[in-house]
């Protein structure tokens, strides 16, 4: 096992940041800790690195109990959200830092350090910048140097705290793919923290969804996306339409539209429920195809890159429904504002209760 | 750093200045100039005019007089002890306040300004009351053959107190702005406390530290009130330059008094020049991060 966390709890004055978290990460895996800001994911990462201490619980890294070790003996690589490069040292010195501060008995020779630094900088494609200072590099370049610096000490595990969130969208996406490729080459057990579900879905081997100091669900991106364990996970993993209603005779009524309640809710007559529909799982047509269609009016049309976003007022619904349709369909339908359309829900998910985001 | 900065996205926008009307500008400039002439240039000029009133010969004699030389020596000794000590205290205090959280931190930060708020005379009196020969502690020290009040150690202690805040006040905002990220990164990379301080923290604060030390030194050279209380004004032994100036003046030896005072002015001007050089360097450095 690469990382084993057992019953980690951390309280700050007034609130519980982490509530009895247990988590196992297989050696060589890349794990995403996904959750809204303030959910405790960064605190968890800092506790693993020893930058903060847990009130209780145990941390085992690659088979070694590191719970009570000081941070410099934990041997973890940490990549910070705002890079935290040493501004007075050039790129070479930044990467060499972890090797140069080793006690003399463990410190590699000068030429070994040079070889290692050059190798790492080649790995992160920054070998051209040896003599540059952090202020002379772009955000993406800085973060790659920070990664090389963290890897220089051969860490047991690599921890990345929102590594791409300070970068602009284009660079973020590039770096994301690049990190995935790099991880496939070096296989160091890694955890990265993010609040961006797209980043987690694209990059991670497994996703751990955290909310209010607790793990809501963990699994592969596919599992988590397709079979969300609860309303929070469903909601957090992408855009969604939420409809409130009650279970009545085993079905939930949405406007004029009925949906079968899930098995566990069938017998709970009158229970409040929430029905979720993702915008891209909504069908739009100009002709009524079957009995269960909803009729609505297009209020707004938005261009979302390859998709078209529609905002539709439907009869019997308090709030307009968001739908996303492919561009081609949009062109075929020749949709305009104010058009009458028929809406079908291709996939719906019903959860019990009045869950609040 | 000869290569151009890559990460600077857009060059700073040069905005067309929106100016106040001409008469307003003229008035403000004239006022500033008048103030400067009346309160800075004129008095400074007078100091030198008085100093050279009786000619070069007299000036050199006054400056070379043994008591004056002793006063200069004592002032320089005090500065060489006080500045490094306060640099050390200042860095420790700034480090403690910005990098740790502990109970009473806010109070400590406020108390740091106390030496500025308290009148220097009172600062001097505090030490007389604490260490003077009539207090139990002072008596005990006397029995050990240690004399503090009316001697060099007293002058050093009083100056230490008065100039304590300069370095810390310079460093606290700087270190707060820089945050703990770099130190934390160094920590996860396996560095020990002193390695982090020497390799990361110190280089990051060096200009601010130097700036604070210069201000501290300037004040230490010129300190009058606190030192006057603890010194005892023994010529050739416990007279610093400002005290010596005062003694000469009260003896109606104006030319000599101003000659020695011109030394202080000269030291002050040097400090201001060095300060402005460092300030420029400091600004240039704080731009890159």
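Which residue is farthest from residue A:73 (Cα to Cα), if the candidates are limited to the stretch A:122-138 and must be buried (at least 18 other Cβ atoms within 10 Å of the Cβ) and within 27 Å of the chain's Cα centre (by Cα)? Looking at residues that are buried (at least 18 other Cβ atoms within 10 Å of the Cβ) and within 27 Å of the chain's Cα centre (by Cα), I get A:137. Comparison of A:88, A:104 shows that the only residue that is surrounded by 15 or more Cβ atoms within 10 Å (Cβ to Cβ) and not in a helix (DSSP H, G or I) is A:88. Within this structure, residue B:48 passes the test of being over 27 Å from residue B:158 (Cβ atoms) and in contact with a helix residue (DSSP H, G or I) (Cβ under 7 Å, 6 or more places away or on another chain). For the condition within 13 Å of chain B (Cβ to nearest Cβ), on the phi < 0 side of the Ramachandran plot and over 32 Å from the mean Cα position of the chain (by Cα), residue A:110 does not qualify.
The residues of the stretch A:62-76 that are surrounded by 14 or more Cβ atoms within 10 Å (Cβ to Cβ) and within 10 Å of chain B (Cβ to nearest Cβ), listed by number, are A:71, A:72, A:74, A:75, A:76.
Residues that are within 22 Å of residue B:120 (Cα to Cα) and without any contact (Cβ under 8 Å) to a residue 60 or more places away in the chain were ranked within the stretch B:251-272; the one that is farthest from the chain's Cα centre (by Cα) is B:264. Residues that are under 17 Å from residue B:99 (Cβ atoms) and touching a helix residue (DSSP H, G or I) at 6+ places or on another chain (Cβ under 7 Å) were ranked within the stretch B:200-230; the one that is surrounded by the fewest Cβ atoms within 10 Å (Cβ to Cβ) is B:209.
For the structure I just gave you, tell me whether residue A:141 is buried (at least 18 other Cβ atoms within 10 Å of the Cβ), within 14 Å of chain B (Cβ to nearest Cβ) and free of Cβ contacts under 8 Å to residues at least 24 places away in the same chain. Reasoning before the result, please.
Details: buried (at least 18 other Cβ atoms within 10 Å of the Cβ): yes; within 14 Å of chain B (Cβ to nearest Cβ): yes; free of Cβ contacts under 8 Å to residues at least 24 places away in the same chain: yes.
When the stated conditions are applied, residue A:141 passes them.
Restricting the first member to the stretch B:92-110 and to residues that are more than 12 Å from residue B:172 (Cβ to Cβ), and the second to residues that are in a helix (DSSP H, G or I), the beta-carbon pairs closer than 8 Å and six or more apart or on different chains are B:102/B:96.
Are there any helices (runs of 4 or more DSSP H) wholly within the stretch B:158-199 with 1 or more residues that are surrounded by 24 or more Cβ atoms within 10 Å (Cβ to Cβ) and within 13 Å of chain A (Cβ to nearest Cβ), and if so which? Break it down stepwise before answering.
Values: elements: B:165-178, B:181-188, B:193-196.
Of the helices (runs of 4 or more DSSP H) lying wholly inside the stretch B:158-199, those with at least 1 residues that are surrounded by 24 or more Cβ atoms within 10 Å (Cβ to Cβ) and within 13 Å of chain A (Cβ to nearest Cβ) span B:181-188.
Within the stretch B:240-250, identify whether any single residue is part of a helix (DSSP H, G or I), surrounded by fewer than 16 Cβ atoms within 10 Å (Cβ to Cβ) and over 22 Å from the mean Cα position of the chain (by Cα), and answer yes or no. Yes, the stretch B:240-250 contains a residue that is part of a helix (DSSP H, G or I), surrounded by fewer than 16 Cβ atoms within 10 Å (Cβ to Cβ) and over 22 Å from the mean Cα position of the chain (by Cα). The numbered conditions (1) modelled with pLDDT under 65; (2) surrounded by 11 or more Cβ atoms within 10 Å (Cβ to Cβ); (3) more than 30 Å from residue A:167 (Cβ to Cβ) are all true for residue B:36 except (1). Within the set A:148, A:166, A:96, the sole residue that is assigned to a helix (DSSP H, G or I), more than 8 Å from chain B (Cβ to nearest Cβ) and under 30 Å from residue A:8 (Cβ atoms) turns out to be A:148.
Restricting A:25, A:79, A:101, A:117 to residues that are touching a residue at least 24 places away in the same chain (Cβ under 8 Å), more than 30 Å from residue A:224 (Cβ to Cβ) and either within 14 Å of chain B (Cβ to nearest Cβ) or within 25 Å of the chain's Cα centre (by Cα) (or both) narrows the list to A:117. Among residues of the stretch A:44-61 being within 14 Å of chain B (Cβ to nearest Cβ) and in a helix (DSSP H, G or I), the one that is nearest to residue A:206 (Cα to Cα) is A:45.
The values are calculated or read from the model by the stated rules, or taken from the named source; none is laboratory data. Just so it is clear, the structure is predicted and the values come from calculations on it, not from any experiment. Note that each Cβ is placed from the backbone with ideal geometry, even for glycine, and that neighbours are counted across all protein chains shown.
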